[in-house]
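A quick write-up on the structure given underneath.
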Amino acid sequence: MIPKFDEYKKQFDIMSDDLIKPGLDAIEEALASVLNPERDLRIIHVAGTNGKGSTIAVMEAVLQAHGFETGVFSSPAIVDVHDQIRINGKPITHEELEYVFEEMEAAGLSGMLTDFELLTVAAFLAFRNAGPDYVLLETGMGGRFDSTNVVTPLVSIITSIALDHIGFLGDTVAKIAEHKAGIIKPYTPVVIGELPEEAKEVVLAEAKMKKSLVRAYGENFTMEQGETEKFRGMSTFEIPVRHMKGPHQAINHAVALEALSLAGVPLKQDKVAEAITNVALPFRFQKIAENVYIDGAHNPAAARMLVRTIEEQFPGENVDWVVGMLNTKDYAETLKILAPLANSFTFVDFPHEQAAKAEDLQVVCPIEASRVISYEEVNLKCSQKHIKVVVGSLYLLSSLMRQ
């Protein structure tokens, strides 16, 4: 459920179909009925298991630092539907989204689309109305059959590939890679992050078939570590201070800079440094009180990155984990990865139809020092003894932020 989205549908009597159906026929028909707003946009299209939001946030900040206007479509909602469509860094306004719904109502879109497809059309219309210089477009799930995959972008990005959404995308890294690689378009360059070898082979084969240039992290560009970081790719930039911490964020930043260079954006050292020093994204190892952090690590791959970040920032420290996850995720493996740093686990029930029961997480917890609470009981005030990290589903973190 997308918070507040149903209110707009009810107001304009636009119905949607909640059944996920493979294929792009429905959204292509819907976009044609509103005169294909996506064709008027300069788009960078981003897929990946993890790292999409961070990579987009970096590109958004760098573009704005250079004076460009931006549009961003991302998911899921942090607070409500408005923050999924950003224009120049700000959520779409109630009035702007109302106008878009009026356009969709006039086009007769009721009953044609799923919620996410409907929201994708709304985003394209909003961007056509606002006229940003660049649109940063995040896939919802997968890539090949995702409703965003109706565009011809300046550049495609695949940030990372790991096991996730296996019920829809497949139970091997190679199968998931086939979905992610589906965003690659003929003769359109693609930038890839650090991928498992079996995933990389699939992506390279797709790119070869599409005659698309590939720029791969570690081969064609990199983020060198030292007293300060240095990005080396199509351009070279000194990175004095990176606000978003963790070794995985170094890769996300590098992917973002290489993609912007490929898109033909004229980047300047001072503007890049300014943007990267200040850019932040909710729920990415976000400090909210003294010794209290929240992070949206919701699968094993993301949990590994989080653990590496904590080990880098707080060597030798133990963590009080507060965890809530969806039942569609591999929470047993995720907890196993978090356990070596654990002082304790607290498991949280939160309002979502696919939320895993806190008791179910407790059953598979590798250590005994655990308890169960509701999300209303989560204490986000400063932690005195240990680092406290609230981790897991973005829906949990969103619920906490709305309290």
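Step by step: first the residues of the stretch 306-320, then only those that are touching a residue at least 40 places away in the same chain (Cβ under 8 Å), among the acidic types (Asp, Glu) and not in a loop (DSSP other than H, G, I, E, B), then the one that is nearest to Ile373 (Cα to Cα). Which residue is that? Explain how you work it out, then say what you get.
Step one: filter the stretch 306-320 for residues touching a residue at least 40 places away in the same chain (Cβ under 8 Å), giving 306, 308-310, 312-314, 317-320.
Right, trim to among the acidic types (Asp, Glu) and you get 312, 317, 320.
In the following step, the residues that additionally are not in a loop (DSSP other than H, G, I, E, B) were identified as 312, 320.
On the way: Glu312: 30, Asp320: 14 Å.
Only one residue fits best here, namely Asp320.
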Revision key, fill the gap. How many residues of the stretch 361-374 are closer than 27 Å to Arg308 by Cβ and surrounded by 15 or more Cβ atoms within 10 Å (Cβ to Cβ)? The answer is 4
Point to revise | Residue check for Ser383: among the small types (Gly, Ala, Ser), over 17 Å from Phe285 (Cα atoms) and in contact with a strand residue (DSSP E or B) (Cβ under 6 Å, 6 or more places away or on another chain) | key: no
**Study point:** Search result, residues across the stretch 73-109 that are assigned to a loop (DSSP other than H, G, I, E, B), at pLDDT 90 or above, buried (at least 21 other Cβ atoms within 10 Å of the Cβ) and hydrophobic (A, V, I, L, M, F, W, C)
**Key:** Ile92
**Study point:** strands (runs of 3 or more DSSP E) fully within the stretch 160-272 counting 2 or more residues that are surrounded by fewer than 22 Cβ atoms within 10 Å (Cβ to Cβ), β-branched (Val, Ile, Thr) and in contact (Cβ under 8 Å) with a residue 24 or more places away in the chain
**Key:** none
Review point. Looking at the stretch 60-72, which of its residues are buried (at least 19 other Cβ atoms within 10 Å of the Cβ) and under 16 Å from Asn129 (Cβ atoms)?
Key: Thr70, Gly71, Val72
Exercise for review: Could you tell me whether the stretch 382-403 includes any residue that is more than 28 Å from Lys245 (Cα to Cα), in contact with a Leu (Cβ under 8 Å, 6 or more places away or on another chain) and surrounded by 13 or more Cβ atoms within 10 Å (Cβ to Cβ)?
Suggested key: no
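Could you grab me the full set of residues in the stretch 321-344 that are under 15 Å from Gln362 (Cβ atoms) and either of a type in the set (Phe, Trp, Tyr) or assigned to a strand (DSSP E or B) (or both)? I'd like the intermediate steps shown before the answer.
Taking the stretch 321-344 and keeping what is under 15 Å from Gln362 (Cβ atoms), we get 321-325, 327, 331-332, 334-336, 338-339, 342, 344.
Residues satisfying the conditions are Trp321, Val322, Val323, Gly324, Tyr331, Ala342, Ser344.
Does the stretch 317-327 contain at least one residue that is surrounded by fewer than 22 Cβ atoms within 10 Å (Cβ to Cβ), on the phi < 0 side of the Ramachandran plot and within 21 Å of the chain's Cα centre (by Cα)?
From the stretch 317-327, those surrounded by fewer than 22 Cβ atoms within 10 Å (Cβ to Cβ) are 317-318, 320, 326-327; that's our starting set.
Then keep just the ones that are on the phi < 0 side of the Ramachandran plot; that gives 317-318, 320, 326-327.
Then drop every residue that is not within 21 Å of the chain's Cα centre (by Cα), which leaves 326-327.
The answer is yes; a qualifying residue exists.
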**Study point:** Residues satisfying the stated conditions in the stretch 262-303, i.e. at pLDDT below 90 and of a type in the set (Val, Ile, Thr)
**Key:** Ile288
Study note, to complete from the structure: Of (1) free of Cβ contacts under 8 Å to residues at least 40 places away in the same chain; (2) under 19 Å from Leu262 (Cα atoms), Ala47 satisfies every one except (1)
Study note, to complete from the structure: By residue number, the members of the stretch 285-305 that are of a type in the set (Phe, Trp, Tyr) and assigned to a loop (DSSP other than H, G, I, E, B) are Phe285
Point to revise | Residue in the stretch 41-78 that is nearest to His179 (Cα to Cα), counting only those that are more than 11 Å from the chain's Cα centre (by Cα) and among the small types (Gly, Ala, Ser) | key: Gly71
Review point. Could you say whether any residue in the stretch 354-377 is assigned to a strand (DSSP E or B), farther than 20 Å from Ala302 by Cα and basic (Lys, Arg)?
Key: yes
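The values are calculated or read from the model by the stated rules, or taken from the named source; none is laboratory data. Computed from a prediction, not measured in an experiment: that's the story for all the values here. No Cβ is skipped: glycine too gets one built from the backbone with ideal geometry, and neighbour counts run over all protein chains shown.
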